[in-house]
């Protein structure tokens, strides 16, 4: 009889958040698939659990995933854990779940901590409808394409970001999406937990002066309703006024975007089309 794959959520900072059911599942599983076995060992040792681990991470996920699935089909049970939080959420565990589900193996959720949900719950942003965007690509073209695709997204959006990439991400948000509210949550469930509510321009000012620390969850406001946009001055009218004051096209578009809280790149493209045709 085939075993089962248990998807076990683990603490994102505070060990007290590991549920009794998660502890029981880890203790009873035949083996544990861990994103990093060193991190897994610390967790298991903290709760006095002694179980064999196998390494399962981004760069071995396909080959190791097939091996794990075969062991489960042979009758063993496996607990899948990630370094922190819920496996398969912006995590290579998603592939293992897909492999096992495709083979007809029963996949069981053992829910618990999730950084995205934690940040959303304390952010103070509308969360009746929201979408998870995960990590932005490190590829510049892919990042811009991703942001262009969500430029008109009205739901609250949640992103993950590493501290050394935060400033670049905030700059890309501001240039492509315009100035809008954001919550920057860091060190969630830890001693120095912080959920800072600001605008993108304020966040840029802060982190250009102070290097960010800790892993971030970014809760970003959706695009304003069309009705709100219609009450604003037409960006091309404002650009024209600034051009008459002697500003270059790029500087006029930049200032118009800033004054109207609109994406700089979008306003500049419109200005190029409009004022090139008039020449």
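Every number here is computed from the coordinates shown, using simple stated rules; none is lab data. For clarity, every value in this text was computed on a predicted model and none was experimentally measured. Cβ placement follows ideal geometry from the backbone for every residue including glycine, while neighbour counts extend to all protein chains displayed.
Here are a few things to note about the model shown:
- Degrees between helix 140-149 axis and first principal axis of the chain (Cα, 0 to 90, nearest 10): 80 degrees
- On the principal axes of its alpha-carbon atoms, segment 4-113 has extents of 35, 26, 22 Å, going from largest to smallest.
- Segment 64-108-segment 153-212 distance, computed between alpha-carbon centres (Å): 32 Å
- Taking the C-alpha atoms only, the angle from helix 249-260 to the longest principal axis of the chain is near 70 degrees.
- Protection proxy ranking, peptides 126-133, 193-200, average beta carbon neighbours within 10 Å, highest first: 193-200, 126-133
- Plainly put, the chain has a radius of gyration that is 1.10 times its Kirkwood radius, both from alpha-carbon atoms, as the Rg/Rh ratio.
- Between the Cα long axis of helix 235-244 and the first principal axis of the chain there is an angle of about 50°, rounded to the nearest 10.
- Summary of packing: across the peptides 105-114, 182-191, the per-residue average of other C-beta atoms within 10 Å ranks them, highest first, as 182-191, 105-114.
- Summarising the strand pairing of the chain, around 45 percent of its internal DSSP beta bridges are antiparallel.
- Cα pair distances in segment 125-268, grouped into 10 Å bins until the bin that holds the longest one, percent each: 11, 39, 33, 14, 3, 0
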